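K.L.:
Mind looking over this structure? Questions follow.
The values are calculated or read from the model by the stated rules, or taken from the named source; none is laboratory data. What you see is a predicted model; the values in this text were computed from it and never measured. Heads up, the Cβs are rebuilt from the backbone with ideal geometry, glycines too, and the neighbour counts pull from every protein chain shown.
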Amino acid sequence: MDVDSYPVASMGDSSSDAVIDALTGLPGRPAITRALQDDSETPTVGALLFVDLDRFKWINDSMGHQLGDEVLKMASRRLVEAVRHDDVVARFGGDEFVIIMAPIRSVADTTRLARRIVDTLGQAMLIDDNRIVIGASIGIAVKSDSMEPELLLRQADLALYEAKRKGRGRHVIFDHRLAAMADHRVQIESTIRRAIDEGRLSLHYQPIVSMDTRKVIGFEALARLTDPELGAVSPAEFIPLAGEIGYMKVMGSHLRRQLLTDIAAAHKTWPELLFSFNLSSSELEDRDLASTIGAECAEFGVAPASLTLELSEDMLVQDRTWLERTLTMLRDMGCRISMDDFGTGRASLSSIKRLPIDEIKIDRSFVTDIGESRFNQATCEAILLLANALDATVVAEGIESESEADAIRSIGIQHGQGYLFARPAPVDWSTLGQRRIVEPSVEQLAQLLS
């Protein structure tokens, strides 16, 4: 492929407008566009691979930009060594690279190259006595006749997004199903941006009950989003997307204020009820989170002790020093801290030991069929022992049958949550409070919410 040669350039800032990237010495974005202009009678482009370095942002932020630059330069050299003689490696920007493959015999040529790249970038890098392990996710688009460069890039980008969504460290080849998924994603993104103004973002509540008495001790507030065409949108879909587009803090603030309004109404009748809600990773990155929640509680006349703040294990791989400080500030205010979906994330036990944890919620995957699964039973028993050592309470999530409830209770777990007791539902707390039922049982609750 006839593209300008690219000698290694001196270290400096990268510019997407530069023909040669100053940091890596690779062709820059303009060279990519020029190489993809395939107007000759003999095709010179067979496929395009969009490569994104996994874990680079964490390395760059935690270990410094100078080391991050060295990682980019080493990754560039490994990519050049991995490709075929006629293929071109270019830096698209940031930690993204593009490989323009010369004509291919079959799609298998692209997958072989993708596997080779994933393998080579997954090998440890030794930089200034630091052992760095990154990885790569790759989106692949195969060029067809008369395809515009912008379309080829978009297809590879869509495939890359799918590769990262599936868990990184893999490659995905574009097909038209991904285009339909992208259109769906755009529709959900539009709904997220309009949700607050149009009243499409709300809270549903699911009770948390005492396993011994079946009395309701609290509720978990769960975000719900509706779309005029799609109907209810799964939280597993809209919450990660809201984080990607930088809208999670806006949504979180709106939902917290709605929650505090509801708590104030509920406490007029049931002042002892506790309310749980999930914190997102973007909210935890806010240095003013504790003071903001404190001010909001004061504004609505809600005691911080009424709040249980849930976070996932994966959040513990963030800046641990700041996370520990933020959670300690929240706990000192009176808030309780809960570890959600325990056993499914990447946190180490040592990191959990250092944090002010008041509650551990056992993921439903360990509760399902617990009566028949020795592994699930042993896991729940071990989590209870760990919680006791931390002086934390335990909530078993996803209880759906009486046999599961019996097994959970026999282990000694105090609290439970799941469809057996009630599904999440919208609640008008001001109206509900007029019914004047003290410490509602699960059966009474079902009548109240119907």
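K.L.:
Test of understanding: among Met329, Met248, which residue is out of contact with any Cys (no Cβ under 6 Å at 6 or more places or on another chain) and over 27 Å from Asp391 (Cβ atoms)?
P.N.:
After applying the criteria, what remains is Met248.
K.L.:
How about segment 363-411: which of its residues are within 21 Å of Ala422 (Cα to Cα) and of a type in the set (Lys, Arg)?
P.N.:
Residues satisfying the conditions are Arg364, Arg409.
K.L.:
Please go through segment 55-74 and pick out each residue that is buried (at least 16 other Cβ atoms within 10 Å of the Cβ) and polar (S, T, N, Q).
P.N.:
Asn60
K.L.:
Identify all residues within segment 396-409 that are assigned to a helix (DSSP H, G or I) and within 28 Å of Arg331 (Cβ to Cβ); write none if there are none.
P.N.:
Once the filter is applied, which keeps residues that are assigned to a helix (DSSP H, G or I) and within 28 Å of Arg331 (Cβ to Cβ), segment 396-409 yields only Ile408.
K.L.:
OK, next. In this structure, is Pro271 assigned to a helix (DSSP H, G or I), out of contact with any Lys or Arg (no Cβ under 8 Å at 6 or more places or on another chain), more than 17 Å from Glu296 (Cα to Cα) and of a type outside the set (Phe, Trp, Tyr)?
P.N.:
Spelling it out, it is not the case that Pro271 is assigned to a helix (DSSP H, G or I), out of contact with any Lys or Arg (no Cβ under 8 Å at 6 or more places or on another chain), more than 17 Å from Glu296 (Cα to Cα) and of a type outside the set (Phe, Trp, Tyr).
K.L.:
OK, next. Of the conditions (1) out of contact with any Leu (no Cβ under 7 Å at 6 or more places or on another chain); (2) part of a strand (DSSP E or B), Phe277 clears all except one; give me its number.
P.N.:
Tallying (1) out of contact with any Leu (no Cβ under 7 Å at 6 or more places or on another chain); (2) part of a strand (DSSP E or B), Phe277 fails exactly one: (1).
K.L.:
Hey, can you tell me all the residues within segment 188-236 that are part of a loop (DSSP other than H, G, I, E, B) and of a type in the set (A, V, I, L, M)?
P.N.:
Within segment 188-236, Met211, Leu230 meet the criteria.
K.L.:
Right, next: Looking only at segment 397-435, count how many residues are surrounded by 14 or more Cβ atoms within 10 Å (Cβ to Cβ), over 29 Å from Thr261 (Cβ atoms), touching a helix residue (DSSP H, G or I) at 6+ places or on another chain (Cβ under 7 Å) and of a type in the set (Gly, Ala, Ser).
P.N.:
1
K.L.:
If we scan segment 71-92, do we find a residue that is farther than 24 Å from Gln37 by Cβ and among the aromatic types (Phe, Trp, Tyr)?
P.N.:
Checking segment 71-92: not a single residue is farther than 24 Å from Gln37 by Cβ and among the aromatic types (Phe, Trp, Tyr).
K.L.:
Still on this structure, please answer the following. Restricting the search to segment 360-395, which residues are among the polar types (S, T, N, Q) and either in a helix (DSSP H, G or I) or touching a helix residue (DSSP H, G or I) at 6+ places or on another chain (Cβ under 6 Å) (or both)?
P.N.:
Ser365, Asn376, Gln377, Thr379, Asn388, listed by residue number.
K.L.:
Residues in segment 312-320: is at least one within 26 Å of Pro426 (Cα to Cα) and assigned by TED's automatic domain parsing to the domain that holds Leu355?
P.N.:
Scanning segment 312-320, I find at least one residue that is within 26 Å of Pro426 (Cα to Cα) and assigned by TED's automatic domain parsing to the domain that holds Leu355, so the answer is yes.
K.L.:
Between a residue in segment 11-33 that is farther than 18 Å from Leu79 by Cα and any residue that is at pLDDT below 85 and in a loop (DSSP other than H, G, I, E, B), which pairs come within a Cβ distance under 6 Å, given they are 6 or more apart or on different chains?
P.N.:
Once the first residue is farther than 18 Å from Leu79 by Cα and sits in segment 11-33, its partners that are at pLDDT below 85 and in a loop (DSSP other than H, G, I, E, B) give Pro30/Val19.
K.L.:
Just one of the numbered conditions (1) surrounded by fewer than 19 Cβ atoms within 10 Å (Cβ to Cβ); (2) touching a residue at least 40 places away in the same chain (Cβ under 8 Å) is not true of Leu259; which one?
P.N.:
Here Leu259 clears every test but (1).
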